[in-house]
Amino acid sequence: MKKLLMSLIAAAALLGGTASFASETSPKSVIHVVTVAWKKDASPDQIKAAIDGVHALPAAYPGIKRVWTRAIKVQNPKGAEVAKTHVLVMEFADEAALKAYTDSPAQKAWYKAYLPARQTSTTYDITN
């Protein structure tokens, strides 16, 4: 009986540790990933303004927690019509924050710099 009790305690500790680990590695925030191809005539200043605008978003919209813009590696499929050269990543607090961001004043202000330079983009929204 004592061995059974010790086994149950060990299993509970293991499961409790696993649940804690899963919650730490599986946040409920939303990662918004945008891969971008710029227009051929987009100037370096226009591209810089669009990227700087992403970095300004957390101050303009509290639902955005973090941003990343420096791609270390970009892979485009062979034969792709348009090469996507940049990745813009925003971490939203949760799905509600992402939903509320759509058409918000912060998004509209950023789009003034972003849309004139963007040729095409693909967006992925990821959460747990």
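The values are calculated or read from the model by the stated rules, or taken from the named source; none is laboratory data. If you're wondering where the values come from, they're calculated on a predicted model, not measured in any experiment. Neighbour counts are summed over all protein chains in view; Cβ atoms, including those assigned to glycine, are modelled from backbone coordinates with ideal geometry.
Residues Ala37, Ala42, Ala49: which one is closer than 14 Å to Lys84 by Cα, surrounded by fewer than 19 Cβ atoms within 10 Å (Cβ to Cβ), among the small types (Gly, Ala, Ser) and in contact (Cβ under 8 Å) with a residue 60 or more places away in the chain?
Details: Ala37 fails: surrounded by fewer than 19 Cβ atoms within 10 Å (Cβ to Cβ); Ala49 fails: closer than 14 Å to Lys84 by Cα.
Selected residue: Ala42, the only one of Ala37, Ala42, Ala49 that is closer than 14 Å to Lys84 by Cα, surrounded by fewer than 19 Cβ atoms within 10 Å (Cβ to Cβ), among the small types (Gly, Ala, Ser) and in contact (Cβ under 8 Å) with a residue 60 or more places away in the chain.
Hey, could you check the stretch 59-86 for residues that are of a type in the set (Lys, Arg) and surrounded by fewer than 10 Cβ atoms within 10 Å (Cβ to Cβ) and say which is modelled with the highest pLDDT? I'd like the intermediate steps shown before the answer.
Here is the first cut: in the stretch 59-86, the residues of a type in the set (Lys, Arg) are 65-66, 70, 73, 78, 84.
Still in the running and surrounded by fewer than 10 Cβ atoms within 10 Å (Cβ to Cβ): 70, 73, 78.
Numbers: Arg70: 95, Lys73: 91, Lys78: 86.
Here the answer is Arg70.
Can you name the condition, by its number, that Ala100 falls short on among (1) among the aliphatic types (A, V, I, L, M); (2) in contact (Cβ under 8 Å) with a residue 12 or more places away in the chain; (3) within 18 Å of Ser121 (Cα to Cα); (4) not in a strand (DSSP E or B)?
(3)
Go through (1) loosely packed, with under 12 Cβ neighbours inside 10 Å; (2) assigned to a helix (DSSP H, G or I); (3) in contact (Cβ under 8 Å) with a residue 24 or more places away in the chain and name the single condition Lys108 misses.
(3)
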